[in-house]
Amino acid sequence: NAGVTQTPKFRILKIGQSMTLQCTQDMNHNYMYWYRQDPGMGLKLIYYSVGAGITDKGEVPNGYNVSRSTTEDFPLRLELAAPSQTSVYFCASRQQGAEEKLFFGSGTQLSVL
Amino acid sequence: GENVEQHPSTLSVQEGDSAVIKCTYSDSASNYFPWYKQELGKRPQLIIDIRSNVGEKKDQRIAVTLNKTAKHFSLHITETQPEDSAVYFCAARESSASKIIFGSGTRLSIRP
């Protein structure tokens, strides 16, 4: 199993550009999450999903959109990138039930200049 | 919604000494409290967790305690070693929701 795979690993955007951060998992997990981690800071929840077709906002959803058309994929869309969106983005997934461990991807380091 | 506060933000201890990191949560409905460790440049990884029906849980040198009445929980690391140097995050999950909210993190440094 590859686990949770994020692409790209690094990206530089200009202000106003758009991009999609890809996240896919091969563990058949129902729950998927997007977090952002600013330098020296904690993990802030952007959006999450409890299954295909179902998404909900987290703590900091403004400026982002998500979709969940399949169990495996949970892309994060940035529209009109702003310098405040410079961060490391982590995708994570977990199984429904007693095992609640979050499996994180390796992260995407995004700079908006 | 849930809010998790974590203290201290940085902690430096002598190798072999103990380290304690504390977190408070706001939502009394939360019932699951994990701790994650993030080494420099790496992804966070679960090191221990506790549910609200348990007051304490241990795993070798690591322990977590939970006080539901006061809505706080703590991570205890004994006999610290250089490889314990990392950022540690606490988190909380509401019983009726799927959101997992993290604290702001504690950077732990072990002095030789």
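Brief remarks on what is shown
- The residues in the range B:88-112 that are at the interface with chain A (Cβ under 10 Å from one of its Cβ atoms), surrounded by fewer than 22 Cβ atoms within 10 Å (Cβ to Cβ) and within 30 Å of B:Asp17 (Cα to Cα) can be counted, and the count is 2.
- Residue count for the range A:68-91 satisfying the condition of being closer than 15 Å to A:Thr7 by Cβ and in a strand (DSSP E or B): 8.
- B:Lys22 vs. criteria closer than 17 Å to B:Arg107 by Cβ and at pLDDT below 95: no
- Qualifying residue in the range A:89-100 (condition: away from chain B (no Cβ under 11 Å), within 14 Å of the chain's Cα centre (by Cα) and of a type outside the set (A, V, I, L, M, F, W, C)): yes
- The strands (runs of 3 or more DSSP E) found wholly in the range B:1-71 and carrying at least 2 residues that are surrounded by 15 or more Cβ atoms within 10 Å (Cβ to Cβ) and touching a Gly at 6+ places or on another chain (Cβ under 6 Å) occupy B:4-7.
- Restricting attention to the range B:80-99, the residues that are touching a residue at least 24 places away in the same chain (Cβ under 8 Å) and either among the hydroxyl-bearing types (Ser, Thr, Tyr) or in contact with a Gly (Cβ under 6 Å, 6 or more places away or on another chain) (or both) total 8.
- Where A:Glu79 falls short, out of the listed (1) more than 13 Å from B:Lys99 (Cα to Cα); (2) at the interface with another protein chain (Cβ under 10 Å from one of its Cβ atoms): (2)
The values are calculated or read from the model by the stated rules, or taken from the named source; none is laboratory data. Every value quoted in this text rests on a predicted model; they were computed, and no experiment measured them. Here the Cβ is made from the backbone with ideal geometry for all residues, glycine too, and neighbour counts use every protein chain on show.
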